[in-house]
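Report on the following structure.
The values are calculated or read from the model by the stated rules, or taken from the named source; none is laboratory data. Keep in mind it's a predicted model, so treat the numbers as computed, not measured. Ideal geometry is used to build each Cβ from the backbone, glycine not excepted, and the neighbour counts take in all protein chains shown. With ligands, DNA and RNA removed, areas are computed over all heavy atoms of the protein, side chains included. Shrake-Rupley method; radii C 1.70, N 1.55, O 1.52, S 1.80 Å.
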Amino acid sequence: QVQLVESGGGLVQAGGSLRLSCVVSTAFRGGAMSWYRQAPGKQRELVATITSVGTTNLADSIKGRFSIFRDNAKTTVYLQMNSLKSEDTATYYCNYYFGRAYWGQGTQVTVSS
């Protein structure tokens, strides 16, 4: 069974940076990796996606501030978050789609203004 484990969340001041990591328990065989986030009272939204060949897609709200990249050898995907804003406060979830969707448990990011 595929398992995803996120880490790297925490409390940071506005303007600061965090790097989230998501380790996948199986070798990448293809498929896309994504980060989603969900703020209290809001729907889960797609933040960033990276395909098996490295093509990335970022939500407009985080373009220029966040980046997504993957290390296939470590079966890990990262979300580098810079210039954080209070509106980035949310629980961030890792997603791996290969035939079906697999989810991590989430990691909390809190940005204080």
Exercise. Mind listing the phi-derived Karplus ³J(HN,Hα) values for the stretch 39-48, rounded to whole Hz, using 6.51, -1.76 and 1.60 with θ = phi - 60°, and x for any glycine or proline?
Worked result: 8, x, x, 10, 6, 5, 10, 6, 9, 7
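Run the numbers for N57 and Q105: contour at 0.36 nm per residue of separation, minus the present Cα-Cα distance, in nm.
Values: separation 48, 0.36 × 48 = 17.28 nm, distance 2.24 nm.
Full-extension gain reported as 15.0 nm.
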Exercise. By a straight-distance test (C-alpha under 18 Å), which aspartates and glutamates pair with K42 as possible cross-link partners, with residues fewer than eight away in the same chain excluded?
Worked result: D60, E87, D88
Exercise. Can you give the accessible area of D71, probe radius 1.4 Å, in Å² rounded to 10?
Worked result: 50 Å²
Seminar exercise, completed: Ignoring ligands and nucleic acids, E45 exposes an accessible area, probe 1.4 Å, in Å² to the nearest 10, of 80 Å²
Problem set entry | Efficiency of FRET from Cβ geometry, Y97 and V23, R₀ 22 Å, rounded to 0.05 | 0.85
For this session: Excluding residues on the same chain fewer than 8 positions from K74, give the aspartates and glutamates whose Cα lies under 14 Å from its Cα.
Result: E6
Exercise. If the chain between A73 and E45 were fully stretched, how many nm would it gain, using 0.36 nm times the residue separation less the Cα-Cα distance?
Worked result: 7.3 nm
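Taking 0.36 nm per residue of separation and subtracting the Cα-Cα distance, what length does fully extending V5 through S86 add? Present the calculation step by step, with values, prior to reporting the outcome.
On the way: separation 81, 0.36 × 81 = 29.16 nm, distance 2.45 nm.
Going from the current span to full extension adds 26.7 nm.
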